[in-house]
Amino acid sequence: MSTLVIGLLVAAALIVLLLSGMPVAFALGSVAVIFLVAFEGFASLTVLADTLFGGLNEFALLAIPMFILMGAAVAASRAGGDLYEALERWLYRVPGGLLISNLGACAIFAALSGSSPATCAAIGKMGIPEMKRRGYPSALATGAIAAGGTLGILIPPSITMIVYGISTGTSIGRLFIAGVLPGLLLTGLFMAWSLIYASKKGFRFKIGDKSYTWREKIEILPRILPFLALIAAVLWALYGGVATPSEAAGVGALFAIILAVVIYRMWSPRQWWEILRLATRESVMIMLIIGTAALFSYMLSSLYVTQTLAQWIGGLDVSPWVLLVNINIFLLVAGLFLPPVAVILMAAPILVPIIAQHGYDPIWFGVILTINMEIGLITPPVGLNLYVINGIAPDVKLPTILWGALPFMLCMVLAIILLTIFPGIVTWLPNHLMGAIQ
C-alpha cells in the first residue's frame, strides 16, 4: 500500500472518530495504535509508553498548568467585572463605547487568563445583557464577545504559543513578545469596526444624563491595577531574561492567588478547591492531547507519511505566496474541526521546516497560525467560543451569534494579510528587545 493511501486512511479514520464525539486525545491515540499494529505488528506496542511519556518530558510544559492556574484564579475573582466597570466609566461618552469597552476588557482579561473560553464567560456575563438592554442587536453583542475572547490565545501569556514553541523548537519568550503588536493590531481592528458600525447605526454608550465624576473613574483603578502590574511583571521576567517561561508562570500563578485573596477576599477553601479542580482538569486534558499527539506523530513518521507529505509540499513548483495561501487554507479548514492545541501539535512540526525553507520566519508563522486558530474558535462545527456564548445567552440562537462574529472574522483575515505584507509588525519587537536571530 502506498504512503499516500496510508495517509488518506489515517486522515479519514481520525475525522470519523472526531465526528463521533470521541475526545481529541483518545481519537489521536486510538488511530496511532490501530495503524501501528496494522502495519508494523504488535511488536510496535513496546514503544508506546516511552513515546507517550517522551512527549511530556519537557521542562517548558510546566508553564501550561501554572498559567492555567493563574487564569483560573483571575477568572474566579471579580477582576473581569472590575475591568468592565472601569472601562465603562472611562469610555461612556464614546460612540459605540459599550462595544469598545467590552473588546478592551476582553483584550486585558485575555492577557490575564490566557484562555479564550474564560474570557468569553467572564466578560460576556456582564457585557451581553448590558448591550442588549441598551438596544444593541443580539448578533452584534454576542459576536463581539465571541471574537474578543479569541484574543486569549494571541496576547501573551498564551498557552497556544507555549505549545507551538515546544513542538517546533522556537523560543517561547520570542513568541510571547511577537504576539504583543499583532494582538494590539487585532484589538484595534475589532474596535475600529465597532466604532464604524456604531456611528452608522447611532449607538452610544451613554444613556440619558448618566455620567461619571473623576472620583468615580479613579476609585475603581486600585482594584485592577495590581492585576495589570502582574501581567507586566510576568512579561518583564520573560523578556528581561530574569526567568524561564516555567518559572515566570509559577510566580505569576502564586501572585494571582495572593491578589485574589487580598483584593477580593477569596478565603473559602471550597472555592479554591473548585478552582484547583478546574485548573487540574484543563491541564490534564491539554497534557493528554500533547502526549497522544506525540504518539500520533511517531506513527506518521514510522509509516513515512510525514516525510512523504513534507517532500511533496516542498517539491511543489509554486511561489512562496501561493504556498502560504494554501497553508492558510489548510489551517483554516483544520481549525474548523480541531482545537488549536491539536492542530499545532500535528501540523506545526511538518509546516515550519517548509516555511523556513521558503524564507519565512518561524516566529512570524507562529503568530499567523495562531490567528488562523482564532478564526476556528468562532467557526462551527467546533467553534468553542460560539458554544460558550450560547450558554451565557441561551435566548440567542447559534446562527445569530455566528452572523454577528462574521465581521470580526474578516478583521482576522485582514490582520493575516497585513502581517504577511508587513512581517516586521511581528518580528520587530522581539528582535529589538532580544536581539536578531543569527
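Every number here is computed from the coordinates shown, using simple stated rules; none is lab data. Note that the structure is predicted; figures quoted are calculated from it, not measured. Backbone-built Cβ (ideal geometry, glycine too); neighbour counts: all protein chains shown.
Between E247 and S199, how high is the FRET efficiency from 1/(1 + (r/R0)^6) when r is the Cβ-Cβ distance and R₀ = 60 Å? Nearest 0.05. Computed FRET efficiency for E247 and S199 comes out at 0.80. Here the Gaussian network model covers the chain, with springs between Cα atoms less than 10 Å apart; of R89, R270, R78, R270 fluctuates the most. The alpha carbon convex hull volume per residue for the chain rounds to 150 Å³. Across the chain, Cα pairs under 8 Å and at least six residues apart give a relative contact order of 27 percent. With the simple spin-label model, which puts each label point 7 Å out from Cα in the Cβ direction, the E58 to W214 separation comes to 5.1 nm. With helices as the sole contributors, the chain gives -25500 deg cm²/dmol at 222 nm; each DSSP H run of n ≥ 4 counts as -39500 (n - 2.57), and the sum is divided by every residue.
Relative to the longest principal axis of the Cα atoms of the chain, the long axis of helix 398-421 makes an angle of roughly 70 degrees. Could I have the simple spin-label model distance between V284 and D395, label points 7 Å from Cα toward Cβ, reported in nm to one decimal? Result: 3.8 nm between the two label points. Bridgeable aspartates and glutamates around K217 (alpha carbons under 15 Å apart, same-chain partners fewer than 8 residues away excluded): D82, E85, E88. Helix 116-133: angle to the longest alpha-carbon principal axis of the chain, degrees 0 to 90, nearest 10? Orientation of helix 116-133: about 40 degrees from the principal axis.
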